[in-house]
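Undergrad: Structure provided below as structure tokens; questions to follow.
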Amino acid sequence: METVSRHAFPRLNRLTPFGSTALFVLASFLPLMMAGEARADFRVCNGTQNLVGVAIGYRAKDGWMTEGWWQVPATTCATLIEGELQSRYYYLYAEDAARGGRWTGDVNMCVAENEFKITGVQDCFARGFQRMGFKEYDTGRQGSWMVQLSDTPGTQESQN
């Protein structure tokens, strides 16, 4: 599967000669325009050889939220939250699509079988959801954070 995010991206079908020139000019000046901007987000990188499904949990204005599933192909990364991180703690749950392995933790949150965005972490079963253990990541209020998933135990630690 090509998708590394739940969001759709517009696709360019064909560039006309004018479009190619405009794209070249834009690409030439883009680094200059973005020189002062630092990219801040929450990313997950899949260091395995299999497709991994990922869900994230966090505290929002409306309470606890869980979202999923991002499908992250082998040896690629996906941005789960774009922009400056608003919380100190984020929670992650992931499953290996081929082998059924899981990256879990001790914090129970709700998930659904298909794409989801769920408010609240209580009464998962009564509300028609499943309950899974998410791993807590303390970002220390960093603006961005990256989690590396791997087959080797002990190397799934986060980096900022």
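The values are calculated or read from the model by the stated rules, or taken from the named source; none is laboratory data. Quick caveat: nothing in here was measured; it's all calculated off a predicted structure. Backbone-built Cβ (ideal geometry, glycine too); neighbour counts: all protein chains shown.
Undergrad: Quick one: in region 117-141, which of the residues that are of a type in the set (Ser, Thr, Tyr) and not in a loop (DSSP other than H, G, I, E, B) is surrounded by the most Cβ atoms within 10 Å (Cβ to Cβ)?
TA: Tyr137
Undergrad: Does region 80-94 hold any residues that are out of contact with any Leu (no Cβ under 9 Å at 6 or more places or on another chain), part of a strand (DSSP E or B) and of a type in the set (A, V, I, L, M), and which are they?
TA: Matches in region 80-94: Ile81 only.
Undergrad: Among the residues in region 102-113, are any under 17 Å from Ser144 (Cα atoms), surrounded by 18 or more Cβ atoms within 10 Å (Cβ to Cβ) and at pLDDT 90 or above?
TA: No, region 102-113 has no match at all.
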